[in-house]
1. If I filter region 378-400 for residues that are more than 17 Å from the chain's Cα centre (by Cα) and part of a helix (DSSP H, G or I), do I get at least one hit?
2. Quick check: is even one residue across region 243-263 among the charged types (D, E, K, R) and over 14 Å from ASP365 (Cα atoms)?
3. Of all residues in region 120-137 being among the hydroxyl-bearing types (Ser, Thr, Tyr) and assigned to a loop (DSSP other than H, G, I, E, B), which is surrounded by the most Cβ atoms within 10 Å (Cβ to Cβ)?
4. Within region 38-70, can you find the residues that are among the charged types (D, E, K, R) and at pLDDT 90 or above?
5. Are any residues in region 245-296 outside any loop (DSSP other than H, G, I, E, B), touching a His at 6+ places or on another chain (Cβ under 9 Å) and within 18 Å of GLY228 (Cβ to Cβ), and if so, which ones?
6. Return yes or no: is ALA301 surrounded by fewer than 24 Cβ atoms within 10 Å (Cβ to Cβ), of a type in the set (A, V, I, L, M, F, W, C), out of contact with any Gly (no Cβ under 9 Å at 6 or more places or on another chain) and in contact (Cβ under 8 Å) with a residue 24 or more places away in the chain?
7. Among the residues of region 380-425, write down those that are touching a Cys at 6+ places or on another chain (Cβ under 8 Å) and surrounded by fewer than 15 Cβ atoms within 10 Å (Cβ to Cβ).
Amino acid sequence: MSNKRRGKIAAVLAVCLPVLVAGMAVPSTADSGRYLLEVEANTSAERTQVAQIGVDVLGATKLTTVQVVADKAQYRALQATGLPLKYVGDFEQELKKLGKVDFTDPVPGQVGAQDFPSGYAGYHNYAEMTAELQQTVRDHPTLASLRSIGKSYQNRDIYALKVSDNVATDENEPEVLFVCGQHAREHLTVEQCLQIIKRFTDNYATPAVKDLVDNREVWLVPMMNPDGAEYDIETGSFRGWRKNRQGNGTDLNRNWGYKWGCCGGSSGSSTSDTYRGTAAFSAPETSVIRNFVNSRVVGGAQQIKTFIDFHSYSELVLWPYGYTRSDTDTGLNADEARAFQTLGRQMAATNGYTPEQASDLYITDGSSDDWMWGQHKIWAYTFEMYPASGSGLNGFYPRDTAIATQTARNDRAVDLLLSYSDCVKRVIGQTC
């Protein structure tokens, strides 16, 4: 056989036969067309290259392996990067493995759709979360107050609960904001906010908790993206949904106004899981949080001093900026960067997470952290929660037996943030 003919046969086989990736065949025509993959990417530049393809980045393992969901075109683009790939499974089939609601054995308080699959009943859907917030206020009327701060795209209330020793009074105390559930499938983060609420109210008599609550005003938004969270569990099985429910969905954590769409850290395609929206704050949910934060400017001074945006997964403590790899940039000087790093590392030392600047993971633009700091000088962090790694989508869906341990794991970090909320620069020996 001639070399020319051998070349033609090889070309045909390359098209028609499954490609072997790390010893595993990539999907056949029987697959759904969305693939779970692991990509070896050892640097921020390589991880950014992966993210810029528009894949859904699920998480990172020890900052060497990135788990992604890719469609066929994105898969080909990943192949073109030359980065080592491993096929994990078909997106839809992997979701099915996580289970489905057993309606023959209903869980008290859960009715109809928007229920979690068996093994996940300890998680709160929107109705259950709302009921728990309302019960907290009834149980602790002098410590907790609840308000709707706006509506989601599908007209659900977005709730903020305040915890303070004089909750009806706007005291001259540093305010702290925690936001959970910005990404729909990250249900463990909702439990984190609920756990903080429970600890600061039920355990108020504990001296350490009492001291913090008496000297701070704590705001919590347990479910920023209620439409997406409900959609993710609507059928009784998980959908792996990330965005809100506006059109094809907007990635809320690419829709914030500071450096929106600036730097290749989001997608302009509405079908992408990192779609940044038509404009900064085009998503109602980000506008709601923006308006609330803006409303906390009193007498020309921002009352919210510190902020954590809880996400999952990868077990990371991240700080600004995400849009640049530079430690300093406009509005972030060397002392401020050092304070961010020092407090971030101290918090990570309490929960065992990995501390790093957000862009060390990969470049993002239009994120909540960058806006909180860039617009308001709020000391803003993102916590990527448990687990440290996942095989495909299961990283987003730890069983409910993990809730108590993994939310309590952040107690000391939360308390540390509150303790420095009067002056974060104290962490590096400076005064405010």
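1. Among the residues of region 378-400, at least one is more than 17 Å from the chain's Cα centre (by Cα) and part of a helix (DSSP H, G or I), which makes the answer yes.
2. Checking region 243-263: at least one residue is among the charged types (D, E, K, R) and over 14 Å from ASP365 (Cα atoms).
3. The qualifying residue surrounded by the most Cβ atoms within 10 Å (Cβ to Cβ) is TYR123.
4. GLU38, GLU40, GLU46, ARG47
5. Residues satisfying the conditions are LEU252, ASN253.
6. no
7. Within region 380-425, ASP422, CYS423 qualify.
Results for (1) in contact (Cβ under 8 Å) with a residue 40 or more places away in the chain; (2) closer than 22 Å to TYR321 by Cβ; (3) not assigned by TED's automatic domain parsing to the domain that holds THR364, shown as yes or no for each residue.
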position: ALA45; (1), (2), (3): no, yes, yes
position: THR48; (1), (2), (3): yes, yes, yes
position: ASP56; (1), (2), (3): yes, no, yes
position: VAL68; (1), (2), (3): no, no, yes
position: ALA73; (1), (2), (3): no, no, yes
position: GLN79; (1), (2), (3): yes, no, yes
position: GLY82; (1), (2), (3): no, no, yes
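The values are calculated or read from the model by the stated rules, or taken from the named source; none is laboratory data. Just so we're clear, the structure is a prediction, and the values are computed from it rather than from any experiment. Reconstructed Cβ throughout: ideal geometry from the backbone, glycine too, with neighbour counts over all protein chains shown.
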